[in-house]
Amino acid sequence: MTSAIAQRPRDAAGNRLITRSLAEQARNVVSMTRRNLVHISREPMQLSDVTIQPVLFTVLFIYIFGGAIPIPGGGSYKGYVLAGLLALNLTTSTMGTAVGLATDLHEGIIDRFRTLPMWRPAVLVGRSFADLLTACLCAVVVAVTGLAVGWRTSASPLPIIGGFALVLFFAYSLSWVAACVGLNSKSPESAASFGFIVLFPLAFVSNAMVPTQHMPGWLQAAADWNPVSAVTAGARHLWGNPNPSASISAWPMQHPIEASLAWSVLILAVAAPLASWFFRRRTTE
Amino acid sequence: MADTMIEADGLFKSYGETRALAGVSFSVPAGSVLGLLGPNGAGKTTAVRILTTLARPDAGQARVAGIDVLARPAAVRGQIGVAAQDATLDGLLTGRQNLVLVGELSGVRTGRARARAAELLELFELAYAADRVVKGYSGGMRRRLDLAASLVTRPPVLFLDEPTTGLDPVSRQGVWEVIRELTGSGVTVLLTTQYLDEADALADHIVVVNHGRVIADGTPLELKERSRSAHVEVTLAEPGPEAAEVIAPLVGGRVSVSADGLRLAAAVDSAPGLATALVRALDRAGMLVDNIEVRQPSLDDVFFALTGAHMPGDGNGSEAKGTSGGSADAAELESEGAQA
């Protein structure tokens, strides 16, 4: 056992010096991200919320509700709803982060990680990266389904990508809120209920699926300030799709891109440190 | 390298109302194996969790490889391998992926981590299942993989929390062999176990814990000597009510008789020629002896003596004798590997 395979810097007493380089941290994050992706490949049904659900919602909204929903200022519901479908699906799919982390904490594996000389935040960051990659898959599914049913954009490539990036960045920041929930859940099941209690209202009380003009006044105010509305309006604006929110005077509806970025940065700045604090608290005994 | 690789000094730890540790101290010299022996709930796992940086004690000090566990837990993690009681593996990864992941997270480059994983899978006879998902592994396979995971970085200090609990005898022997090989190579091991024969077979030194306290420590030999009693058991062909009186003078005191009157058991100080003497005495009294067994005290006897005494600390010698005499039947029935 003399040929130690991990040669690390040691101090005079032979103790390993903990100088974790950025490269080491990045390698830990890559390892954890890969682990979570392997998990998904083992249980592909985990992906149903980013593959089957978007297709179902697209068909449901465009062919069942779409005909009955007039768009203030004109335009087709197909053109209107696609950004909303993207925001809706990405918002609800962050539930996966909560369930995934709650599952990890429930199993013995977390104790293994805690006894390794690893960069511990990699557990959270790796999870968030894996979930961002599945969110990208979701975006592709939404776009392809949309194109198949007749959604079109006249925008040039950069704003098109910008629209997707805007929604994905929001979903990424929201996944850190989901992480906080997962870290405070007693079980994966209770983490899943987070989706129905928080994420569905968040996604639906917005301009994502229907114009807010038809809502009661108080609800419209909530919807116009909902970050999901800002993100959706931002994507519609960038894609040149019908965006009836542009006629609403609330600041986020007048400046949807700035509002989305501000919301995402704010959520990330609060939720990420909070999640690592919850993680430390949950793993201290 | 420090002379003492593991040091626990006055560890206290409570979980809510439950006091898990009530002042546990022990140390493990470099290159030796300490067996932490105790029943379920004695505090063994809590001690291991503190030493492996998973839990913080309410009071007390701990050092591993000369590093203060409380002050520099991250540095300690670079020196230890841990095989926990609940196998800490990723059920959705394959055996190989588990080992590579542990290697990578410990700072080993992927290529070397892969090579080491292959080596360990071979060593633990898991190569045939290396690319199967761990969820489908049997209990024994999971244990072996967990043990392998603790060895990925060749740590100088190893913590094995009940490494053979739930294993079949063959797997158990396999794990023992691996542990023996490791200790032969200079690794310091803290091993917890409920199995007395396991501590006897593997440990250089044994610390017995019960109710969060150390109630005895010493080498396996010292602990056996401490109970000072050999054990004799006679099985008669027919119940003999007066048999106990016949052999009492020869065994120097208390004889316990089984309910059916066929079996007599007693603790004795020493036993040269005792079997012959007992058979002669019983023969003279007109009783037929079917079987007679005299054996040296096992750690079972020591353990029952110590934990049954409810007297922590030292001075349990006299208590021990009384208890082992009184519960000789129970002790005998539960022990294994008895021999003349």
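Working only within the stretch B:79-130, note down all residues that are modelled with pLDDT under 90, part of a loop (DSSP other than H, G, I, E, B) and touching a Leu at 6+ places or on another chain (Cβ under 9 Å).
B:Ala84, B:Ala87, B:Phe124
Any residue that is under 20 Å from A:Ser260 (Cβ atoms) and touching a His at 6+ places or on another chain (Cβ under 9 Å) - is there at least one of those in the stretch A:178-191?
Our first condition is that a residue be under 20 Å from A:Ser260 (Cβ atoms); within the stretch A:178-191, this holds for A:178.
With the extra rule that they be touching a His at 6+ places or on another chain (Cβ under 9 Å), the set shrinks to none.
No, every residue in the stretch A:178-191 fails to be under 20 Å from A:Ser260 (Cβ atoms) and touching a His at 6+ places or on another chain (Cβ under 9 Å).
For the structure I just gave you, tell me whether A:Val123 is assigned to a helix (DSSP H, G or I), in contact with a helix residue (DSSP H, G or I) (Cβ under 9 Å, 6 or more places away or on another chain) and within 14 Å of chain B (Cβ to nearest Cβ).
Yes.
Using the structure shown, decide if B:Thr188 is more than 15 Å from the chain's Cα centre (by Cα), among the hydroxyl-bearing types (Ser, Thr, Tyr), closer than 23 Å to B:Asn98 by Cβ and within 12 Å of another protein chain (Cβ to nearest Cβ).
So B:Thr188 does not fit the description; no.
Do the conditions hold for A:Gly73, that is, is it assigned to a loop (DSSP other than H, G, I, E, B), more than 14 Å from chain B (Cβ to nearest Cβ) and either surrounded by fewer than 18 Cβ atoms within 10 Å (Cβ to Cβ) or not small (Gly, Ala, Ser) (or both)?
The answer is yes for A:Gly73.
Does A:Arg35 satisfy the condition of being at pLDDT 90 or above, more than 23 Å from the chain's Cα centre (by Cα), within 14 Å of chain B (Cβ to nearest Cβ) and in a helix (DSSP H, G or I)?
no
Mind checking which residues of the stretch B:57-78 are farther than 14 Å from B:Leu158 by Cα, more than 7 Å from chain A (Cβ to nearest Cβ) and not in a helix (DSSP H, G or I)?
B:Pro57, B:Asp58, B:Ala59, B:Gly60, B:Gln61, B:Ala62, B:Asp68, B:Val69, B:Leu70, B:Ala71, B:Arg72
Filter the stretch B:145-178 down to the residues that are in a helix (DSSP H, G or I), surrounded by fewer than 23 Cβ atoms within 10 Å (Cβ to Cβ) and among the hydrophobic types (A, V, I, L, M, F, W, C) and list them by number.
If the condition is that a residue be in a helix (DSSP H, G or I), surrounded by fewer than 23 Cβ atoms within 10 Å (Cβ to Cβ) and among the hydrophobic types (A, V, I, L, M, F, W, C), then B:Val170, B:Val175, B:Trp176, B:Val178 are the ones that fit.
So for the stretch B:116-135 (the condition being within 8 Å of chain A (Cβ to nearest Cβ) and more than 27 Å from the chain's Cα centre (by Cα)), does at least one residue qualify? Walk me through how you get there before you give the answer.
Our first condition is that a residue be within 8 Å of chain A (Cβ to nearest Cβ); within the stretch B:116-135, this holds for B:116, B:133.
From the residues that got through so far, the ones that are more than 27 Å from the chain's Cα centre (by Cα) too are B:116, B:133.
Looking through the stretch B:116-135, at least one residue is within 8 Å of chain A (Cβ to nearest Cβ) and more than 27 Å from the chain's Cα centre (by Cα).
Do we have any residue at all in the stretch B:199-208 that's without any contact (Cβ under 8 Å) to a residue 24 or more places away in the chain and not charged (D, E, K, R)?
No.
Checking the structure you have, find out if any residue of the stretch B:232-239 is surrounded by fewer than 19 Cβ atoms within 10 Å (Cβ to Cβ), in the same structural domain as B:Glu125 (by TED's automatic domain parsing) and not hydroxyl-bearing (Ser, Thr, Tyr).
To start, the set of residues in the stretch B:232-239 that are surrounded by fewer than 19 Cβ atoms within 10 Å (Cβ to Cβ) comprises B:235, B:237-239.
Cutting the leftovers down to in the same structural domain as B:Glu125 (by TED's automatic domain parsing) gives us none.
Within the stretch B:232-239 (the criterion being surrounded by fewer than 19 Cβ atoms within 10 Å (Cβ to Cβ), in the same structural domain as B:Glu125 (by TED's automatic domain parsing) and not hydroxyl-bearing (Ser, Thr, Tyr)), the answer is no, since none of the residues qualifies.
Just to check your reading of the model, which residue among A:Leu86, A:Leu60, A:Leu47 is out of contact with any Pro (no Cβ under 6 Å at 6 or more places or on another chain), surrounded by fewer than 18 Cβ atoms within 10 Å (Cβ to Cβ) and either among the aromatic types (Phe, Trp, Tyr) or in a helix (DSSP H, G or I) (or both)?
A:Leu60
So, in the stretch B:240-281, how many residues would count as being of a type in the set (Ser, Thr, Tyr) and surrounded by fewer than 14 Cβ atoms within 10 Å (Cβ to Cβ)?
Residues in the stretch B:240-281 being of a type in the set (Ser, Thr, Tyr) and surrounded by fewer than 14 Cβ atoms within 10 Å (Cβ to Cβ): 2 in total.
Select from the stretch B:80-102 the residues that are within 24 Å of the chain's Cα centre (by Cα) and at the interface with chain A (Cβ under 7 Å from one of its Cβ atoms) and write down the one among them that is surrounded by the fewest Cβ atoms within 10 Å (Cβ to Cβ).
Filtering first and then ranking leaves B:Asp86.
Taking A:Val81 as the residue in question, decide whether it is among the hydrophobic types (A, V, I, L, M, F, W, C), more than 14 Å from every other protein chain (Cβ to nearest Cβ), more than 18 Å from the chain's Cα centre (by Cα) and surrounded by 22 or more Cβ atoms within 10 Å (Cβ to Cβ).
Answer is yes for this residue.
Any idea which residue in the stretch B:1-42 is nearest to B:Lys224 (Cα to Cα), counting only those that are part of a loop (DSSP other than H, G, I, E, B) and away from chain A (no Cβ under 14 Å)?
B:Gly38
I'd like the full set of residues that are modelled with pLDDT of 90 or more and either assigned to a helix (DSSP H, G or I) or surrounded by fewer than 13 Cβ atoms within 10 Å (Cβ to Cβ) (or both), limited to the stretch B:131-141.
If the condition is that a residue be modelled with pLDDT of 90 or more and either assigned to a helix (DSSP H, G or I) or surrounded by fewer than 13 Cβ atoms within 10 Å (Cβ to Cβ) (or both), then B:Asp131, B:Val134, B:Lys135, B:Gly136 are the ones that fit.
Which one of A:Ala12, A:Ala6 is out of contact with any helix residue (DSSP H, G or I) (no Cβ under 6 Å at 6 or more places or on another chain), modelled with pLDDT under 85 and surrounded by fewer than 11 Cβ atoms within 10 Å (Cβ to Cβ)?
Answer to the check: A:Ala12.
Quick one: which helices (runs of 4 or more DSSP H) sit completely within the stretch A:136-240 and have at least 2 residues that are surrounded by fewer than 17 Cβ atoms within 10 Å (Cβ to Cβ)?
Output list reads A:157-183, A:188-194, A:200-204, A:217-225.
The values are calculated or read from the model by the stated rules, or taken from the named source; none is laboratory data. Bear in mind the structure is a predicted one, so any value in this text is a computation, not a measurement. Heads up, the Cβs are rebuilt from the backbone with ideal geometry, glycines too, and the neighbour counts pull from every protein chain shown.
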